[in-house]
Each structure stands twice: as C-alpha cells, then as structure tokens.
C-alpha cells in the first residue's frame with residue numbers, strides 16, 4: 001500500500017514559526033511523510049523525531065481538524081500520541097521509523113528521537 005499524505009497545515013506552520021524550529025515548512029513536509037509511513041506500516045509502532053513530534057502536538061491542538069485528518073488517512077482509526085511506552089518500546093519504534101524512512105525516502109530521518117510513539121486505535125462508533 002502506497003500512502004501519500006498531503007494535508008493543509010498552513011495554520012499549524014504559522015504556529016510552528018513561533019517556536020525554535022528553523023524550517024517550519026520542511027518540518028510540515030516531514031510530518032506528512034511520517035504520517036504516510038505510519039499509514040503504510042500501521043502494524044508497527046513508529047516514533048517521530050523531536051521536530052516532527054512538535055508538529056504533531058500543534059496538529060493535535062485543533063482536535064476537530066486532527067480527527068478529520070486521521071479519518072482521511074487512517075479510516076476508522078485515530079492516531080494516538082502515546083507517552084506511556086517504556087524505553088525499550090520507544091527504541092524499537094525509533095528503529096522502525098529510521099528503517100522505514102530510509103527505505104521509503106532514501107535517506108536517514110534527521111534529528112533526535114522523541115519520547116512518544118504511535119498507537120492506532122479504533123474510533124468510537126467506527127466512523
């Protein structure tokens with residue numbers, strides 16, 4: 001399955017510009033690429049880089065848009081931001097992300113590992 005995620009993240013990019021991130025548009029592109037990996041390899045837990053995680057947090061702030069975007073990408077599942085994973089699970093998720101990023105984009109994912117991972121959960125009511 002080849003999934004290409006292209007979201008309208010203009011408002012999120014504006015918010016990202018208020019942080020220390022040097023290239024908000026590049027982070028938004030990487031975030032969409034990362035979401036594509038999560039969708040394509042949903043059987044594996046993925047751990048984002050710290051900058052992708054920052055974009056994920058900003059995306060989560062607009063709950064209605066986030067849910068709609070998750071429905072568009074994942075169907076009846078919502079991408080949960082899991083901060084309860086133990087260190088070995090985070091390390092495995094980061095290895096998954098690094099491997100899949102290189103396979104799909106031909107280069108390593110830049111940056112350092114965040115302290116959260118993906119968790120795809122069925123939405124209530126199966127929307």
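The values are calculated or read from the model by the stated rules, or taken from the named source; none is laboratory data. Just so it is clear, the structure is predicted and the values come from calculations on it, not from any experiment. FYI the Cβ positions are ideal-geometry reconstructions off the backbone, even for glycines, and counts take in every protein chain you see.
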Go through region 96-112 and give me each residue that's out of contact with any helix residue (DSSP H, G or I) (no Cβ under 8 Å at 6 or more places or on another chain) and in a helix (DSSP H, G or I). 96, 98, 99, 102, 103
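Can you pull out the residues in region 91-103 that are under 25 Å from residue 7 (Cβ atoms) and either over 15 Å from the mean Cα position of the chain (by Cα) or without any contact (Cβ under 8 Å) to a residue 60 or more places away in the chain (or both)?
Our first condition is that a residue be under 25 Å from residue 7 (Cβ atoms); within region 91-103, this holds for 93-94, 96-103.
Scanning region 91-103 gives 93, 94, 96, 98, 99, 102, 103.
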List every residue pair whose Cβ atoms lie under 8 Å apart, where the two residues are 6 or more positions apart in sequence or sit on different chains, the first residue falls within region 17-41 and is under 15 Å from residue 101 (Cα atoms), and the second residue, located anywhere, is surrounded by fewer than 14 Cβ atoms within 10 Å (Cβ to Cβ) and at pLDDT below 90. 32/6; 36/4; 39/1; 40/1; 40/2
Tally of residues being more than 20 Å from residue 10 (Cα to Cα) and assigned to a helix (DSSP H, G or I) across region 54-95: 10
